[in-house]
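The values are calculated or read from the model by the stated rules, or taken from the named source; none is laboratory data. Just so you know, these numbers come straight off a predicted model, no measurement behind them. Please note: Cβ atoms are built from the backbone with ideal geometry, for glycine as well, and neighbour counts cover all protein chains shown.
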Amino acid sequence: MRQLSTLLRGEELENLKGQVMKEGGRVLPPKSRWELFRFEVLDYKGVAYSSGKVVYHEPLIPLIEKSLIERLGIEIGSDEAGKGERSGPIVVAAVALDQDDRRFLRAGGLLESKSLSKHRLLELADMVEGRALALSYKVVTPNQLMGMWKRGKLNDLLTEWHLQVVSDVFDEVEASRIIVDSFDEVRLREAFSFFESRGVEVVIESGADLKYPSVAAASVVARRIYLEKMDEGIKWA
């Protein structure tokens with residue numbers, strides 16, 4: 001039987017225990033120092049780790065989803081793939097999700113793209129695209145990058161591309177919060193100040209793909225498109 005994994009926060013882990021008991025299951029003691037607890041519902045099992053990672057049999061998705069807490073409102077997350085890679089394009093993506101979308105995707109095993117196998121990445125990318133309220137991406141080929149790149153200016157370009165895809169999504173779905181996986185907080189904060197002036201909360205945070213599901217979703221979409229472009233032969237000469 002297939003196992004999935006996702007990350008739960010402290011209160012969500014407590015919620016999970018409650019949901020297990022509500023479904024007539026059992027919360028069991030850990031079997032190693034890395035575990036918090038184990039759980040069983042019918043013939044399905046799961047393990048919660050001290051890192052917040054939870055591994056569970058696929059039929060337990062509804063149980064996990066009921067345990068998750070997401071603040072109300074539409075959130076736009078953005079991330080990129082291909083920056084610093086030795087081959088291929090740079091892809092920047094933005095995804096809009098509401099609280100129900102975020103819970104659904106997290107319970108279905110959404111994690112940031114670097115921790116996923118290729119098969120699982122493609123599967124989750126389809127799930128994200130099926131649930132997203134809006135999404136946008138930009139592909140910059142190696143030839144295009146070389147035509148505009150100047151030493152020390154890559155962060156300026158990345159800032160411009162993140163702003164472009166987020167603005168495209170915001171034009172379709174007005175969000176209450178925008179989250180960008182930070183590579184240069186000063187540049188990004190200045191570029192996104194326009195949204196703050198309109199009352200939108202802007203979060204610029206390094207490692208945001210590990211913490212915020214909308215950014216993890218954007219990372220999955222960007223990585224999938226990056227791999228597709230690589231397969232099409234869009235690479236460094």
Next item on the list: Give segment 132-160 a look and list any residue that's more than 13 Å from ILE225 (Cβ to Cβ) and crowded, with 19+ Cβ neighbours inside 10 Å, or say none.
Entry: ALA132, LEU158, THR159
Check: surrounded by fewer than 18 Cβ atoms within 10 Å (Cβ to Cβ) and farther than 30 Å from LEU188 by Cβ, is that true of LEU28?
Finding: yes
Checklist line | Number of the condition not met by SER219 [criteria: (1) assigned to a loop (DSSP other than H, G, I, E, B); (2) of a type outside the set (Val, Ile, Thr); (3) under 14 Å from TYR137 (Cβ atoms)] | finding: (1)
Next item on the list: Quick one: count up the residues across segment 22-49 that are closer than 30 Å to ILE204 by Cα and out of contact with any Lys or Arg (no Cβ under 8 Å at 6 or more places or on another chain).
Entry: 1
Checklist line | When residues of segment 89-131 are limited to those that are of a type outside the set (S, T, N, Q) and assigned to a loop (DSSP other than H, G, I, E, B), the one surrounded by the most Cβ atoms within 10 Å (Cβ to Cβ) | finding: LEU110
Notebook entry, point to check: Of the residues that make up segment 175-187, is at least one in a helix (DSSP H, G or I), buried (at least 17 other Cβ atoms within 10 Å of the Cβ) and either of a type outside the set (D, E, K, R) or in contact with a Leu (Cβ under 7 Å, 6 or more places away or on another chain) (or both)?
Noted result: no
Notebook entry, point to check: Filter segment 175-204 for residues that are more than 16 Å from the chain's Cα centre (by Cα) and among the polar types (S, T, N, Q); which is nearest to LEU133 (Cα to Cα)?
Noted result: SER176
Check: Would a scan of segment 132-143 turn up a residue that is among the small types (Gly, Ala, Ser), at pLDDT 95 or above and assigned to a helix (DSSP H, G or I)?
Finding: no
Notebook entry, point to check: Residues VAL27, VAL20: which one is assigned to a helix (DSSP H, G or I) and touching a Phe, Trp or Tyr at 6+ places or on another chain (Cβ under 7 Å)?
Noted result: VAL20
Next item on the list: For VAL140, state whether it is touching a strand residue (DSSP E or B) at 6+ places or on another chain (Cβ under 8 Å), over 14 Å from VAL91 (Cβ atoms) and in contact (Cβ under 8 Å) with a residue 24 or more places away in the chain.
Entry: no
